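Okay, so here's the structure we're looking at.
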Amino acid sequence: MVYDNISGGEFAKYFVQTLQVPADMGTPEFRAMYNTFAKRVLWMDSNVCEGAFQMNTAWYFAVPPRDPIYPEHTHDYNELIGWFGSNPDDPEDLGGVIEFSVGGEAHKLTKTTMIWIPGGIAHNPCRITEVTRPIFHFSIVTNPTYDGQQVYK
């Protein structure tokens, strides 16, 4: 049996095709500002699918009006962050410039990149200084939910 998209079956509840960002994820001002340069695609956490860890996906289309976009912060859980360029002829080309800090070390990114951040390590600020082609972004935390109160303000 093949189901059309996610319209049936015992495991359809594990398929997510609709953006479900928690209502308290960021101030109204942050959400409005975010929408000027990015478009969230999907959000997964234990509120969306029982037992899931948190993952966020988005496309970045422009330089944000705020610099830095995310402040330095620390949390107890691990995080994997990535940015992927959208040039099919050169997928390593980020299509922009992102400055990202881990443990106080600032790194300038111009290539498709993933960063592993162990829990307890300070990371950010994040500065998106150039976007010449859409950049796909994701973040994954090894926690059922993400506490964005210190970031999305």
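Which residue is farthest from the chain's Cα centre (by Cα), if the candidates are limited to region 137-146 and must be more than 17 Å from R66 (Cβ to Cβ) and in a strand (DSSP E or B)? Explain how you work it out, then say what you get.
The initial filter retains those residues of region 137-146 that are more than 17 Å from R66 (Cβ to Cβ), namely 138-146.
Keeping just the survivors that are in a strand (DSSP E or B) gives 138-141.
On the way: F138: 4, S139: 4, I140: 7, V141: 10 Å.
Taking the candidates together, the pick is V141.
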- Message: Where the second residue is part of a loop (DSSP other than H, G, I, E, B) and at pLDDT 95 or above and the first is more than 16 Å from G103 (Cβ to Cβ) and among the small types (G, A, S) and lies in region 49-77, which pairs have Cβ atoms under 6 Å and are six or more apart or on separate chains?
- Response: A62/F37
- Message: Return the residues of region 73-108 that are out of contact with any Lys or Arg (no Cβ under 6 Å at 6 or more places or on another chain) and under 16 Å from A38 (Cβ atoms); say none if nothing qualifies.
- Response: I81, G82, W83, F84, G85, G96, V97, I98, F100
- Item | Spans of strands (runs of 3 or more DSSP E) in region 89-136 with at least 1 residues under 14 Å from E79 (Cβ atoms), aromatic (F, W, Y) and modelled with pLDDT of 95 or more | 93-102, 113-117
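Could you check region 85-124 and list, in sequence order, the residues that are among the small types (G, A, S), without any contact (Cβ under 8 Å) to a residue 40 or more places away in the chain and surrounded by 14 or more Cβ atoms within 10 Å (Cβ to Cβ)? Write out each step before concluding.
First pass over region 85-124, keeping only residues among the small types (G, A, S): 85-86, 95-96, 101, 103-104, 106, 119-120, 122.
After this cut, where a residue has to be without any contact (Cβ under 8 Å) to a residue 40 or more places away in the chain as well, the list is 96, 101, 103-104, 106.
The answer is G96, S101.
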- Item | Residue among T142, T74 that alone is over 24 Å from P28 (Cα atoms), modelled with pLDDT under 95 and of a type in the set (V, I, T) | T142
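Of a type outside the set (D, E) and in contact with an Asp or Glu (Cβ under 8 Å, 6 or more places away or on another chain): which single residue out of M25, M33, M55 fits that description? Talk me through it step by step, then tell me what you get.
Values: M25 fails: in contact with an Asp or Glu (Cβ under 8 Å, 6 or more places away or on another chain); M33 fails: in contact with an Asp or Glu (Cβ under 8 Å, 6 or more places away or on another chain).
Within the list M25, M33, M55, the selection yields M55.
Scan region 54-79 for residues that are part of a strand (DSSP E or B) and touching a helix residue (DSSP H, G or I) at 6+ places or on another chain (Cβ under 7 Å) and report the count. It would help to see each step written out before you state the result.
Filtering region 54-79 down to residues part of a strand (DSSP E or B) leaves 54-60, 70, 73, 79.
With touching a helix residue (DSSP H, G or I) at 6+ places or on another chain (Cβ under 7 Å) added as a condition, the list becomes 73.
So the count comes out to 1.
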- Item | The listed residue being surrounded by 14 or more Cβ atoms within 10 Å (Cβ to Cβ), among the small types (G, A, S) and in contact with a Lys or Arg (Cβ under 7 Å, 6 or more places away or on another chain), out of A58, A38, A52 | A58
- Query: Considering G26, G8, G82, which residue is assigned to a loop (DSSP other than H, G, I, E, B) and either at pLDDT 90 or above or surrounded by fewer than 16 Cβ atoms within 10 Å (Cβ to Cβ) (or both)?
  - Reply: G8
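The values are calculated or read from the model by the stated rules, or taken from the named source; none is laboratory data. Predicted model, so just to flag it, every value in this text is computed and none were measured. When we count neighbours, we look across all protein chains shown, and the Cβ atoms used for this are built from the backbone with ideal geometry, even at glycine.
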